[in-house]
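Written out below as structure tokens is the structure these notes cover.
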Amino acid sequence: KEMVRTMESIGADTVCLIPPAHGDKMEITMELIEATKRANIPNLCFISSAGCDLADPQKQPRLREFIELESMAMSAKGDPDTSTGHSPVVIRPGFFAENLLLYAPQMLEEQSVPLPIGNNHKFAPMAIKVCEDSLSADDKD
């Protein structure tokens, strides 16, 4: 309830949720996803983990937990009881994940993340720029 009140009081319209590297990761993250829904935050950006869908549940159970968390984050899609279903997105870090780091100086100074959200409250692709060095010869054409 306290997290819902906090989200509502600051007028948040987007939550970028990065699960903590903590023993209670599941409980903490599920609480934050639920608070986002209850506070009717229209945009949820859930940062997951690359390879979680390939993780062996017996050998890599902590990595596999991201699948359940992704499901919970996306379960708001189409839910008429919350506006969080309007625009949820899951990002699995990989080639373009470092683009969020481009915002680091501005986040530190302004205490906000200027995510590019269009007129219809849709997230723009997270790829902001591509380094020439990372492209193959075919891609450069």
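Listing for the model above:
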{"read-out": "Contacts under 8 angstrom Cβ, first residue in segment 1-22 being in a helix (DSSP H, G or I), partner open to solvent by 100 Å² or more (accessible area, probe 1.4 Å), 6 or more apart", "value": "Met3/Glu31; Val4/Arg38"}
{"read-out": "Segment 41-55 residues that are in a strand (DSSP E or B), paired with ones that are of a type in the set (Val, Ile, Thr) (beta carbon under 6 Å, 6 or more apart)", "value": "Asn43/Thr14; Leu44/Val15; Leu44/Thr36; Leu44/Thr84; Cys45/Val89; Phe46/Val90; Ile47/Ile18; Ile47/Ile91"}
{"read-out": "Selection count where residues are over 13 Å from the mean Cα position of the chain (by Cα) and open to solvent by less than 30 Å² (accessible area, probe 1.4 Å), scope segment 13-27", "value": "2"}
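Per-residue answers, yes or no, for (1) at pLDDT 90 or above; (2) surrounded by 13 or more Cβ atoms within 10 Å (Cβ to Cβ):
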residue	(1), (2)
Thr29	yes, yes
Arg38	yes, yes
Ser48	no, yes
Asp53	no, yes
Pro57	no, no
Gln60	no, yes
Leu69	yes, yes
Ser75	no, yes
Asp79	no, yes
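The values are calculated or read from the model by the stated rules, or taken from the named source; none is laboratory data. Since the model is a prediction, treat every value here as computed from it, not as a measurement. Using ideal geometry, Cβ is built from the backbone for each residue, glycine included, and neighbour counts are taken over all protein chains shown. In case anyone asks, the SASA skips ligands and DNA or RNA and just uses the protein heavy atoms, side chains included. Shrake-Rupley method; radii C 1.70, N 1.55, O 1.52, S 1.80 Å.
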